[in-house]
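Enquirer: The structure under discussion is supplied below as structure tokens; questions concerning it will follow.
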């Protein structure tokens, strides 16, 4: 007998449908907060080869799982699997295995160039925000370097060797990162990765192609270089750096006195050194002298290590760029230290987890992508309540995002409810702005003492633990 009733689905069909939903939504809910910052076209499955099949750890799911992992307070691969298991439990389907093998294999298949393109896109989106009220509305790029460590594997040691003063097996591979940030928004525009032997200047030169005419580079004394200042000026990029490796020019030797402690000076091109990283032909093309401003800055607040220092800049117009404004700008250079602290301490990039150079590079890229996305959220939240982005707490924003994520990851949530949750997230990020205390001295010191453990002076399998805590050296087995 014919009937219009729908044929009942088997248990296997129901399970397939539930698993299909799980594959689509298990990791992408957090991505819906940031999807407007990251182009969906870059996360589409490949036409063939790796990441072409629609599996549980598809290209899109793996990316958002990796993204979620670097945001987690724990930061381990097992945390991702636990999220998947909890979501499967809510949906009432079979809980996946606790093994991280499938997820780790999927992460290896993510293309490094694709992650680089996503990072560039996040930087471009932050760059679209107008630069207002800072150095005649010019973009100020603050540059600095930092170091990170990673697991002690032979592959990592080969690319990023440990310090030569440490015995083999007693140290960790060390990498150096030089990065360019927007002083206004804190966005990371570019970076270069090297080992402990790489100076920050050569790493910075690798990023010159990301600079634009009209930019202002803000750096410490490590970036005070005739070669770099001359080349950047030729590209239409001005510099504001601390004087280093040269004696200050006296008022009597200057070309003109522009104001109190503000002199117009010239630098003569130094003699070529064979130890330099560029050829004598490149050196000969540099101008024989540079016209600069030298500004003496005297500290007005007690407690600082330096009482006075000199700023050298290519911004020669004392009317458009008064000396006190340039001094105030240089004091804001400390923000780059806070940007690195946000990435390394708050997000946990200080000690990386991956065991191969390829995955280390991807882990760094993913941290920077997540960092830029959070910065964009902070900028949007600040605009909603007419606040400056620099007074919005990065750590507070990460804490809010971590606690809002489970609610955004609900199995069933309407668009209106998600919109309400995101508005509440913005309010939570901005309701406690950072108190500004200019001139406050914050020395780098520790109050709480570390545990008095013995130092590792031999590889672990050769160490013999000393029973008495008052000894500092280990005996060989």
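Any read-out appearing in this document is the output of simple, stated calculations on the displayed coordinates, not a laboratory observation. Since the structure is predicted, the reported quantities are computational estimates derived from the model, not experimental observations. Glycine also receives a Cβ, built like all others from the backbone with ideal geometry; neighbour counts cover every protein chain displayed.
Enquirer: Going by average Cβ neighbours within 10 Å, how do the peptides 154-160, 200-206, 446-452, 138-144 rank, with the highest at the top?
Expert: Sorting 154-160, 200-206, 446-452, 138-144 by mean packing, highest first, produces 138-144, 200-206, 154-160, 446-452.
Enquirer: Moving on. Per Stokes-Einstein, at 25 °C and 0.890 mPa s, what whole-number D in µm² s⁻¹ belongs to region 114-346, with the Kirkwood radius over Cα pairs as the hydrodynamic radius?
Expert: 126
Enquirer: Moving on to the next point. Evaluate the distance, in nm, between pseudo-label points positioned 7 Å from the Cα of residue 291 and of residue 423 along their respective Cα→Cβ axes.
Expert: 5.6
Enquirer: Can you tell me what the convex hull of the Cα atoms of region 292-352 projects to on average, as an area in nm²?
Expert: The directionally averaged projection comes out at 5.9 nm².
Enquirer: First check a/c for region 232-275, with a ≥ b ≥ c the square roots of the eigenvalues of its C-alpha gyration tensor; if it is under 1.5, answer rounded, and if not, answer prolate when a/b is larger than b/c or oblate otherwise.
Expert: Because a/c hits 1.5 or more and a/b fails to exceed b/c, region 232-275 counts as oblate.
Enquirer: Going by average Cβ neighbours within 10 Å, how do the peptides 97-106, 234-243, 369-378 rank, with the highest at the top?
Expert: 369-378, 234-243, 97-106
Enquirer: Arrange the peptides 392-402, 268-278 so that the one whose residues have, on average, the most other Cβ atoms within 10 Å appears first.
Expert: In descending order of packing, they fall as 392-402, 268-278.
Enquirer: Counting C-alpha atoms alone, how compact is region 134-202: give Rg to one decimal and Dmax as a whole number, in angstrom.
Expert: 15.8, 53
Enquirer: Once the Cα gyration tensor of region 253-336 is found, what semi-axes does its equivalent ellipsoid get, as square roots of 5 times the eigenvalues, in whole Å, sorted largest first?
Expert: 29, 18, 12
Enquirer: Moving to a separate point now. FRET efficiency for residue 458 and residue 102, Cβ-Cβ distance as r, R0 = 35 Å, nearest 0.05?
Expert: It comes to 0.40.
Enquirer: Please state the shape class of region 51-102: rounded when a/c is under 1.5, otherwise prolate if a/b exceeds b/c and oblate if not, all from the C-alpha gyration tensor.
Expert: Note, shape of region 51-102 comes out oblate.
Enquirer: Next up: Please state, to two decimals, what the Cα-based radius of gyration of region 191-247 comes to when divided by 2.2 N^0.38 Å (N = residues).
Expert: Against the compact-globule rule of thumb, the ratio is 1.12.
Enquirer: To the nearest 0.05, what FRET efficiency results for residue 345 and residue 253 with a Förster distance of 60 Å applied to their C-beta separation?
Expert: The calculated FRET efficiency here is 0.85.
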